[in-house]
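In what follows, a structure is listed as structure tokens, so that the remarks can point back to it.
Readers should treat all values here as calculations from the given coordinates under stated rules, not as data from a laboratory. Here the structure is a predicted model, which is why all the values come from computation and not from measurement. In this analysis, Cβ positions are derived from the backbone assuming ideal geometry, glycine residues included, and neighbour counts consider all displayed protein chains.
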Amino acid sequence: MQGFFKDSFKLPTILALGALLQTVVITVLPARYALIPLILLLGQAIINTILQARTPKDNAFTLDVIPGRVTAQLPSRTSGAFGSKPAAQPLVVFHLGVRFNHPLGLLGPGAKEIGDHFTAMIKELENRRDEFGMLKLTTWRGVERSSNNTLMTIAYFRDVAGLNKFAHDKVHRDGWDWYQRFAKKEGNSNIGIFHETFVTRPGDYETIYVDCPPTLLGAANVKINGDDAEKESKAEGETWVRPLVSANHSALRSQQGRMGTSLPFEAGMDMY
């Protein structure tokens with residue numbers, strides 16, 4: 001929410017707040033010291049930019065970037081193998097979002113409460129991901145409007161049953177019940193919520209990531225429950241596999257191939 005809070009304000013508002021803060025500093029500190037905070041912040045920004053530009057392989061902008069082309073393929077839950085057919089398993093894509101219609105955005109009525117409920121739901125999904133069949137979730141901000149007032153969580157599930165189990169879980173019911181009470185109050189239309197569910201059959205989806213860090217489905221971690229993994233997990237902890245494989249394989253170079261309508265996999269895929 002911290003980044004969303006910052007991005008909810010327009011540039012004139014941010015400049016005005018900065019000017020107000022500087023005015024307070026000038027009032028409190030002697031004139032010769034009033035510019036010190038500004039100089040320190042500006043100097044830090046300049047130094048960080050120079051260091052990042054001179055060391056492109058070792059900064060926050062390139063952290064975990066995988067060079068080249070990769071694609072996400074779900075491994076078997078029992079063996080951890082990717083099999084011989086791309087996009088062989090079904091997939092559920094779920095969008096859950098909140099929209100702040102009040103001019104104060106996150107400072108508006110009910111914003112803190114709905115934010116707390118969303119945070120609790122995300123935490124519960126992360127902690128019980130295997131129970132719900134949740135593969136990955138990530139939060140994005142809508143920028144199609146100048147108000148920057150929409151947040152959306154994208155979650156991937158193995159099946160609708162897991163998604164429905166989460167929908168009927170207490171943490172989600174608590175959030176939904178709170179919103180229903182809030183929305184029934186007269187004039188409380190300043191918070192909107194929405195969700196979308198897409199159920200894809202095997203072969204009806206594909207992914208490609210070029211020079212990106214693990215992103216969206218590619219950033220998932222899949223728990224392996226096979227016999228060998230179970231034995232290993234007792235001694236070394238749970239076994240999780242990231243679903244990224246090289247898209248330079250002949251079967252994965254095209255969209256048709258990644259949807260399983262072209263050549264089958266061969267042994268020896270490069271996994272990331």
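Quick rundown of the values:
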item: Using alpha-carbon coordinates, inclination of helix 227-236 to the longest axis of the chain, degrees; result: 40
item: Relative pair counts by distance (%), Cα atoms of the range 91-200, 5 Å bins; result: 2, 12, 22, 23, 18, 13, 7, 2, 0
item: Angle between the chain longest axis and helix 11-28 axis [Cα atoms, degrees, rounded to 10]; result: 50
item: Cross-link pairs LYS57/LYS112; LYS185/LYS223; LYS57/LYS136; LYS85/LYS165 - those with Cα-Cα distance over 32 Å; result: LYS57/LYS112; LYS185/LYS223
item: FRET efficiency for TRP240 and ILE26, using Cβ-Cβ distance with R0 set to 35 Å, rounded to 0.05; result: 0.05
item: Percent RCO, i.e. relative contact order, over the chain, from Cα pairs under 8 Å lying at least 6 residues apart; result: 28
item: Spatial extent of the chain: Rg and Dmax, with the Cα atoms as the point set, Å; result: 23.5, 74
item: ALA247 long-range amide H proximity, modeled H, under 5 Å; result: ARG69, VAL70, THR71
item: Pair ILE50, ALA16: separation of 7 Å Cα→Cβ label points (nm); result: 3.6
